[in-house]
Amino acid sequence: MALKDVTERVALLREKIERHNHLYYVQDAPEISDAEYDALFRELAGLEAEYPELDDSNSPTKRVGGKPAEGFTPYEHALRLYSLDNGMDLDAWYSFTERVSKAVGQQNIEYWADPKMDGLAMEVIYEQGRFVRAATRGDGLIGEEVTHNMRTVMNLPLVLRGDAVPELLEVRGEVVMSNRDFAALNHRQEEAGNKVFANPRNAAAGSIRQLDPKVAASRPLRFLGYGIGRVEWTDGSAEEWTTQKAVMDGLKDLGFAIPPEAKVCASSREVAEYFEVLKEQRAGLPFEIDGVVAKVNDRELQEELGYTARAPRWALALKFPALQTKTRLNSIRIQVGRTGVLTPVAELDPVELAGVVVSKATLHNKGYIEERDFRVGDTVLIQRAGDVIPQVLSVDLDARPASAEPYVFPTHCPVCQSAAKEDGEAVRCTNPLCPAKTVQRIIHFVSKAGLDMEGVGKKWVQKLVEDDVLTSPAELFALEKTDLLKYERMGDKSAENFMAAIAKARKEAPLWRFIAGLGIRHVGEQTAKTLAADFDDLDAISTVTREELQDLDDVGPIVADSVSDFMQSAETQAMFDRFKELGFWPTRGTKEPVSGSRLLDGKVFIFTGTLPVKRSEAQAMAEAQGGGISKTISKKVDYVVAGEKAGSKIAKAEKLGLEIIDFETFTGLLGQKKEKRQMTLLDY
Ligand code: IVH
């Protein structure tokens, strides 16, 4: 391909990928499958590797995080980032609105109300529509520059959308992590023996304050815009931003996500109603919010009201009561996870907390208990965030009974009695055959993170392991309906669903799901996909060295060691043999099940000559849409994709009368099909 064509292709790919990021992360309305997205991404990454002169700091490929920084540079904000005055109840709200009305001499004032997000305040700056800088709020005047980390925030536009783009734009907003993503992150941290975060705000702040952007990239952060700093337009578009609502609509049009549920309220009373409604909905919202921010909607009135030394006179943060309460810690139960981690769980005197009765809360790990000195019999403060499992925060020392003894963390696994060993922050059971691990491993294997076998219930997995019917994930494929029907409580319909889920996985599961389902430490969906794209099957992965594994994108020494150790163990090899015996052995190119058919389903491709991307990438692009790959020319081949200097294969293909196409025609075939991608997370 000529450089001009490559340049155009790269620009097109960047635009496409950013459009799909926006559809997925901001609008919650994806148009293509993950596989199609991955194919676009890989093609772009391939071209960028081959043509370094086309480098661009705002390419979507830069979102994975670049080189670590040495430290943070202070950044002086052009306009101060003010704080907010707080109101603790509706009385405070009504006295605020009276003050506002009096000051501007007007009774009916419209307000813009949005949730007060509990995250990290941030300013992001765009010049000529391109993201150039990000800085934390700091003390409002001087913050820290964190551009490299903010680039990894998937819903932040790197290039502004639409035609009317300002010359200069400063957007203020909050960096947040959803409750679900937070719970999953803490779970991963626990399993890996790393420090857990106390709440989503700390997790967001900790991730942004990482020197290594790769770490930030691995944390599911989102940016929600709620206001602006400087804005400069070349034409008069600014005059349209005369209200807070217009600003927010404008930000939305430029590609920003804004806080959910935000709206105009026609009166102070409507704000009060909004506050009550949001307070009720609070626990079910995807993000932690700690109140409502009400802002005078008319920006001219905002100017007129002005600022105190600390906060605007035109806005008030109406805070919700805290989602915390005290109760008694009755006992500490130890749960054993998939990788053998012993997780302490507090058994509490049941208490009501924001409409839910709480009787259990996590104590995270041994270190967490020791640092805070939690003892059985203590009165403790607990907190609930959204639908996340509650946490024990602190102890009330004044209420400690004299008899309370320091907690001694078990030295043995409570399930199999084998020795437990400390590993970072975690304590692990050392027995590889511990039944608790087996249960969790099988539950992970069938979960959405693994083979996604809906119909195989957790309770039943537990029962089947207890009764020695299941001893490893492989044995699922040996199950027969009669094994299930022996249980009185198992109905015919449930047994059928159970068996159907297994049959479906057997037929359709792609290699990456199989790899992800094995629950190898540090191997999540992304790494599983990388492995599945480069190896034919698990045997192929078993035979490579750690060094070869490290050559793969995204695989560092820790992941390589973990994969290698897992593959080398005799137990793993025995399990693999069992999988094969039972006829379950996905290989590369196993079709990924997606709803509906894909454009290249059943079509066989062969790639020859020098292509604009690596041959393995071209093959992956075809496979992503259901295409098969052949290494040899035969009548079975549907398309011969010929690059430059394609040799003898072309003559042979012509002889057989096969269709010979160039790479561009091939990418044209890929671009035509659109599919809905299933959302699994509440993404903004
Ligand atoms: S408006 C001049 N709106 O709250 C107005 N702030 O207590 C300044 N915050 O540091 C802020 N959600 O980061 C505004 N919907 C929202 C907000 C919000 C969270 C944070 C903000 C600020 C802090 C002030």
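Computed over the stretch 473-607, the Cα gyration tensor eigenvalues convert (square root of 5λ each) into semi-axes of 30, 21, 12 Å, ordered from largest to smallest. Near the amide H of I629, within less than 5 Å, lie the amide hydrogens of F605, all on another chain or at least 5 residues away, with H placed in the peptide plane.
Pairwise alpha-carbon distances in the stretch 22-65 exceed 14 Å for 58% of all pairs. Considering only Cα atoms, the convex hull volume of the stretch 99-150 works out to 171 Å³ per residue.
Give me Rg over Rh for the stretch 237-302, both radii from the alpha carbons and Rh done the Kirkwood way, two decimal places.
1.00
Over every pair of different alpha-carbon atoms in the stretch 368-451, take the mean of 1/r and invert it; report that Kirkwood radius in Å.
15.8 Å
Taking Cβ separations below 4.7 Å as the criterion for a possible disulfide partner, the isolated cysteines in the chain are C265.
With the convex hull constructed from alpha-carbon coordinates only, the chain shows a mean projected area of 35.3 nm² over all directions.
Extent of the stretch 399-490 along its three principal axes (Cα atoms, max minus min coordinate, largest first): 56, 29, 25 Å.
Pairwise inverse Cα distances across the stretch 68-130, averaged and inverted, put the Kirkwood hydrodynamic radius at 16.2 Å.
Taking only the Cα atoms of the stretch 134-274, the ratio Rg/Rh comes out at 1.02, with Rh defined as the Kirkwood radius. Remark: the stretch 125-198 is approximated by an ellipsoid whose semi-axes, taken from the C-alpha gyration tensor as √(5λ), come to 30, 16, 10 Å, largest first. Extent of the stretch 1-126 along its three principal axes (Cα atoms, max minus min coordinate, largest first): 69, 39, 25 Å. For the pair L3 and E488, label points projected 7 Å from Cα toward Cβ lie 8.0 nm apart. Here K635 is the anchor, and the lysines within straight C-alpha reach of less than 17 Å, apart from those fewer than 8 places off in the same chain, are K603, K649, K652, K655. Computed over the stretch 443-522, the range of Cα coordinates on each principal axis works out to 39, 24, 18 Å, biggest value leading.
Checking the table K195/K580; K366/K458; K295/K448; K214/K360; K507/K631; K279/K504 against a 32 Å threshold on Cα-Cα, which pairs fail?
Table pairs above 32 Å Cα-Cα are K195/K580; K295/K448; K214/K360; K279/K504.
No lab work stands behind these numbers, since they all come straight from the coordinates. Predicted, not measured: the structure shown is a model, and the values here were computed from it. Using ideal geometry, Cβ is built from the backbone for each residue, glycine included, and neighbour counts are taken over all protein chains shown.
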